[in-house]
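Working notes for the structure below.
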Amino acid sequence: MSRDEGWAAADYVVVDVEGNGARLPHLVELALVPVRQGRIGTARTWLVRPADPITWQATRVHGITNDDVAEAPPVRQIAAEVLEVLGDAVLVGHAVHVDVDVLSRSLPGWVGPVTIDTLRLARRVFDLPSYSLSALVEHRHLDGGLPEGSRPHRAGYDATVTARLFVDIASNLSPGGATQQALMLAGGPADPLRDDVAQPTLFDPLRPITTP
């Protein structure tokens with residue numbers, strides 16, 4: 001990423017994964033949404049048959065059953081296609097370290113790229129009691145016009161609304177939108193020595209986005 005260029009000059013892929021409920025989750029569903037030139041593309045989604053069954057607790061969250069994935073390919077059969085979509089774009093997600101962890105274990109040899117976490121971005125610019133994805137979707141009205149049948153905790157829904165959240169924040173933080181450097185400072189990998197320290201120079205000015 002370039003330090004001084006506008007955020008929209010870089011390519012991004014927004015990711016969401018759903019797991020089987022294991023302590024180290026196996027991939028069950030994956031969605032990737034490209035964001036190029038500041039525009040959100042179409043979500044690509046894959047159901048994946050995990051090595052171990054989906055737990056009932058995980059099914060209660062995302063609604064995906066073992067029957068749903070019985071005929072789905074194992075992750076190795078979709079790996080090449082997934083890697084092609086990921087490319088060398090900046091990876092964006094809500095609590096993106098979780099997605100990176102699952103992808104790293106699912107795609108042997110894949111080296112995680114530069115990442116931006118919309119959870120960290122949201123905490124910098126909104127003053128809310130909760131920064132869950134569902135709370136942010138409600139606060140910013142991000143779920144309009146989604147395909148019929150879309151629902152929270154499915155990868156396609158979560159990746160799409162996360163992409164909308166990312167573009168919303170990046171476009172509105174300052175006149176003309178944020179720079180790539182500002183996004184990385186605010187939403188890049190956490191620095192435990194500085195993460196809670198106010199950094200007023202991140203944006204000019206750093207301020208909450210007002211609700212439309």
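Numbers at a glance
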| read-out | value |
| --- | --- |
| Members of segment 66-76 found to be closer than 15 Å to residue 30 by Cα and either modelled with pLDDT under 95 or outside any helix (DSSP H, G or I) (or both), listed by number | 68, 69, 72, 73, 74 |
| Segment 78-89, residues that are farther than 23 Å from residue 168 by Cα, within 17 Å of the chain's Cα centre (by Cα) and either surrounded by 15 or more Cβ atoms within 10 Å (Cβ to Cβ) or not aliphatic (A, V, I, L, M) (or both) | 82, 87 |
| Only listed residue being farther than 19 Å from residue 160 by Cα and part of a helix (DSSP H, G or I), chosen from 101, 52 | 101 |
| Residue 92 assigned to a strand (DSSP E or B), touching a residue at least 60 places away in the same chain (Cβ under 8 Å) and surrounded by 14 or more Cβ atoms within 10 Å (Cβ to Cβ) | yes |
| Residue in segment 147-168 that is assigned to a loop (DSSP other than H, G, I, E, B), surrounded by 14 or more Cβ atoms within 10 Å (Cβ to Cβ) and among the aliphatic types (A, V, I, L, M) present | no |
| Residues of segment 3-37 satisfying the condition of being in contact (Cβ under 8 Å) with a residue 60 or more places away in the chain, outside any strand (DSSP E or B), closer than 13 Å to residue 89 by Cα and not acidic (Asp, Glu) | 7, 8, 9, 10 |
| Selection from segment 176-186 of residues that are within 15 Å of residue 38 (Cβ to Cβ) and of a type outside the set (A, V, I, L, M, F, W, C) | 176, 177, 179, 180 |
| Selection count where residues are outside any helix (DSSP H, G or I) and surrounded by 14 or more Cβ atoms within 10 Å (Cβ to Cβ), scope segment 114-127 | 5 |
| Any hit, segment 192-210, residues being within 18 Å of residue 128 (Cα to Cα), modelled with pLDDT of 90 or more and not aliphatic (A, V, I, L, M) | no |
| Qualifying positions in segment 66-97 - in contact with a Lys or Arg (Cβ under 6 Å, 6 or more places away or on another chain) and not small (Gly, Ala, Ser) | 69, 74, 85 |
| Tally of residues being closer than 24 Å to residue 149 by Cα and crowded, with 18+ Cβ neighbours inside 10 Å across segment 53-77 | 5 |
| Selection count, segment 133-145, where residues are loosely packed, with under 15 Cβ neighbours inside 10 Å and either assigned to a loop (DSSP other than H, G, I, E, B) or at pLDDT below 95 (or both) | 3 |
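The values are calculated or read from the model by the stated rules, or taken from the named source; none is laboratory data. Since this is a predicted model, take the numbers as computed values, not measurements. Every residue, glycine as well, gets a Cβ built from its backbone with ideal geometry; the counts of neighbours run over all protein chains shown.
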